[in-house]
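Participant: My structure is below; once you've seen it, I'll send some questions.
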Amino acid sequence: MKLFRRRPKPAPIEPLSASDHNRAPVPLVSVEDPNRPSTIGLEYMTYEQLEEFGQELDEVRQRILDDLGQEDADYIRRVIKVQRAFEVLGRVVLFGFPFLLPVSTAAWVSALAAGVVFLGLAKIIENMEIGHNVMHGQYDWMNDPLVDGKRYEWDNVAPAQEWKHGHNYIHHTYTNIHGMDRDIGYNMFRIDDDQPWYPSHRFNLPLAFILMLVFEWGVMYHGIELDEYLAGRMDKKEFEGRKKRAYAKIRRQLTKDYLLYPALSLPLAPFTAWWVPLAVLGANVVANVIRNIWTFLVIFCGHFPADVETFQEEDAKNETRGQWYLRQILGSANISGTPLFHVMTGNLSHQIEHHLFPDIPARRYREVSVDVKRLVEKYGLRYNTGRLSKQLASVARKLHQLSHKPDDPYKVGNSPESKALRRAKREAEAAAREASEQKQHVPA
């Protein structure tokens, strides 16, 4: 009977419960030269203006935190109920559609399509509006195990632990910094002019299309960080742990979607048709592909349209809070749409606001955007936004343009000039570290 026990009604949320909530990334600090000021944003405003800019956004953030409460808690719980209802409805329709075979072919095809759509919607909502946002810690202040970002595991082959490290920490801390943010091109594409060009980049567009179809698998592989291990920047124990967690998650997902549910439909075969389990299997595959395509479009249109800026590590070191905020605005793009569209994107259509305040419930980003636009206008900045079609076309053009081999040999990754430049940079960094270590060991 324990399986059917109702979840106890959560306690009411007390006012100001989220005032001290903080899961936000911190600005980048240079260990080698802590006194050297960052140059981020100086082409837009002075250091004094950057300080004022940071304080104004901090005030916006705190005002939202002080206002979070019961309405936000009710919202995420309601979304979870809707998502679960869609999934149950999708599963029921997929199990029931074979009984429409005697009615008409059109009837059972329509039912099969409806089951796939409901299941696809459930997976989109779970990954975007629930999983992504919950794992950012946006609802940790509720103290509800249902939305505990530390324990939540999403319906995706990428383990939550690796995703949170690579996304919440690496990407959101070092957003669009070359050599630090691994999401710039995902080690597959040349998506920025400052990236070195390699022959594989000729296939930018076809590779992007393939990744779109299998996006959850790309996220999983990205989280293992094989490149970091092969480069000697990750020890074997850590790498083996990541592989083990990935394999365990893959087994769980494949068993659930491609073994368990088709097996549950086997008893229907004698009464309907022998191919029913295969149809259920195919429906699960298609639902996952639908989710992958949608997630890919939202992520790429929020990060890689034209005019999204990237930065160099040296420029970002020792940045202030205001400079960190500015880097998020300049390095992100929004997608305009209806309220329903925003929910289906997990409110990542407000990518600018998400990068400014990643640990604030995403449902608040539309409200926050009013203040962000006001500050963008006040300081003469650019607010990159547009319809999905516009942003997607912009991304496609960039991928196409940057797939061509540059005329500048210093931008060709395997050219002698480029190799010499990277070697000189590594030697300079090693010399700086050595000088810093010697300075620390000098007696006062």
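Participant: Only one of Val395, Val368 is closer than 23 Å to Ile64 by Cα, part of a helix (DSSP H, G or I) and either touching a Leu at 6+ places or on another chain (Cβ under 8 Å) or open to solvent by less than 10 Å² (accessible area, probe 1.4 Å) (or both); which?
Facilitator: Going through Val395, Val368 in turn, just one is closer than 23 Å to Ile64 by Cα, part of a helix (DSSP H, G or I) and either touching a Leu at 6+ places or on another chain (Cβ under 8 Å) or open to solvent by less than 10 Å² (accessible area, probe 1.4 Å) (or both): Val368.
Participant: Which of the residues belonging to segment 371-383 are in contact (Cβ under 8 Å) with a residue 24 or more places away in the chain and either open to solvent by less than 20 Å² (accessible area, probe 1.4 Å) or assigned to a helix (DSSP H, G or I) (or both)? Show your work before the answer.
Facilitator: Our first condition is that a residue be in contact (Cβ under 8 Å) with a residue 24 or more places away in the chain; within segment 371-383, this holds for 371-372, 375-376, 379-383.
Asp371, Val372, Leu375, Val376 - these are the residues of segment 371-383 that are in contact (Cβ under 8 Å) with a residue 24 or more places away in the chain and either open to solvent by less than 20 Å² (accessible area, probe 1.4 Å) or assigned to a helix (DSSP H, G or I) (or both).
Participant: Tell me yes or no: at least one residue of segment 57-74 is over 30 Å from Met142 (Cα atoms), open to solvent by less than 20 Å² (accessible area, probe 1.4 Å), touching a residue at least 24 places away in the same chain (Cβ under 8 Å) and part of a helix (DSSP H, G or I).
Facilitator: Looking for residues that are over 30 Å from Met142 (Cα atoms), open to solvent by less than 20 Å² (accessible area, probe 1.4 Å), touching a residue at least 24 places away in the same chain (Cβ under 8 Å) and part of a helix (DSSP H, G or I), one finds none in segment 57-74, hence no.
Participant: Moving to a separate point now. Residue check, Ala283 against (1) in contact with a Gly (Cβ under 8 Å, 6 or more places away or on another chain); (2) under 19 Å from Pro98 (Cα atoms); (3) surrounded by fewer than 16 Cβ atoms within 10 Å (Cβ to Cβ), all met but one. Which one?
Facilitator: Looking at each condition in turn, Ala283 falls short on (3).
Participant: Now for a different question. Quick one: is Tyr139 in contact with a helix residue (DSSP H, G or I) (Cβ under 6 Å, 6 or more places away or on another chain), free of Cβ contacts under 8 Å to residues at least 60 places away in the same chain and over 30 Å from Lys405 (Cα atoms)? Break it down stepwise before answering.
Facilitator: Working: in contact with a helix residue (DSSP H, G or I) (Cβ under 6 Å, 6 or more places away or on another chain): yes; free of Cβ contacts under 8 Å to residues at least 60 places away in the same chain: no; over 30 Å from Lys405 (Cα atoms): yes.
Answer is no for this residue.
Participant: Could you tell me whether Glu162 is in a helix (DSSP H, G or I) and either on the phi > 0 side of the Ramachandran plot or among the charged types (D, E, K, R) (or both)?
Facilitator: It is true that Glu162 is in a helix (DSSP H, G or I) and either on the phi > 0 side of the Ramachandran plot or among the charged types (D, E, K, R) (or both).
Participant: Also: Restricting to segment 300-320, and then to whatever is part of a helix (DSSP H, G or I) and at pLDDT below 95, can you tell me which residue is least open to solvent (accessible area, probe 1.4 Å)?
Facilitator: Step by step, filter segment 300-320, then rank; the result is Ala316.
Participant: Looking only at segment 8-36, which residues are under 30 Å from Met180 (Cα atoms) and touching a Gly at 6+ places or on another chain (Cβ under 6 Å)?
Facilitator: Arg23, the sole residue that qualifies.
Participant: Please name all residue pairs, on different chains or six or more residues apart, with Cβ atoms under 9 Å, provided the first residue is in segment 291-310 and is at positive phi and in contact (Cβ under 8 Å) with a residue 12 or more places away in the chain and the second residue is open to solvent by less than 30 Å² (accessible area, probe 1.4 Å) and among the polar types (S, T, N, Q).
Facilitator: Filtered contacts from segment 291-310: Asp307/Asn384; Asp307/Ser394.
Participant: Given Ile80, Ile40, Ile13, which one is surrounded by 14 or more Cβ atoms within 10 Å (Cβ to Cβ) and in contact with a strand residue (DSSP E or B) (Cβ under 9 Å, 6 or more places away or on another chain)?
Facilitator: Every option except Ile40 fails the conditions.
Participant: Just need a number here: residues in segment 213-257 that are among the polar types (S, T, N, Q) and open to solvent by less than 50 Å² (accessible area, probe 1.4 Å).
Facilitator: Number of matching residues: 1.
Participant: Taking segment 130-157, which residues are open to solvent by less than 30 Å² (accessible area, probe 1.4 Å), more than 15 Å from the chain's Cα centre (by Cα) and of a type in the set (A, V, I, L, M, F, W, C)? Walk me through how you get there before you give the answer.
Facilitator: Going residue by residue through segment 130-157, those that are open to solvent by less than 30 Å² (accessible area, probe 1.4 Å) are 130-142, 144, 147-149, 154-157.
When the remaining residues are screened for being more than 15 Å from the chain's Cα centre (by Cα), the result is 139-142, 144, 147-148.
Result: Trp141, Met142, Val147.
Participant: So Phe296 passes all but one of these: (1) within 19 Å of the chain's Cα centre (by Cα); (2) surrounded by fewer than 18 Cβ atoms within 10 Å (Cβ to Cβ); (3) under 19 Å from Arg397 (Cα atoms). Which condition number does it fail?
Facilitator: Condition not satisfied by Phe296: (2).
Participant: Is one or more of the residues making up segment 258-265 surrounded by 13 or more Cβ atoms within 10 Å (Cβ to Cβ), within 30 Å of Leu207 (Cβ to Cβ) and touching a helix residue (DSSP H, G or I) at 6+ places or on another chain (Cβ under 8 Å)?
Facilitator: Yes, the conditions are met somewhere in segment 258-265.
Participant: Which condition from (1) open to solvent by 10 Å² or more (accessible area, probe 1.4 Å); (2) over 14 Å from the mean Cα position of the chain (by Cα) is the one that Ile329 breaks?
Facilitator: (1)
Participant: Please state which one of Ala283, Ala273, Ala279 is more than 23 Å from the chain's Cα centre (by Cα), outside any helix (DSSP H, G or I) and of a type in the set (Gly, Ala, Ser). Steps first, please.
Facilitator: Working: Ala283 fails: outside any helix (DSSP H, G or I); Ala279 fails: outside any helix (DSSP H, G or I).
Selected residue: Ala273, the only one of Ala283, Ala273, Ala279 that is more than 23 Å from the chain's Cα centre (by Cα), outside any helix (DSSP H, G or I) and of a type in the set (Gly, Ala, Ser).
The values are calculated or read from the model by the stated rules, or taken from the named source; none is laboratory data. Keep in mind it's a predicted model, so treat the numbers as computed, not measured. We place every Cβ from the backbone using ideal geometry, glycine too, and count neighbours over all the protein chains shown. These area figures cover heavy atoms from the full protein model, side chains too; ligands, DNA and RNA do not enter into them. Shrake-Rupley method; radii C 1.70, N 1.55, O 1.52, S 1.80 Å.
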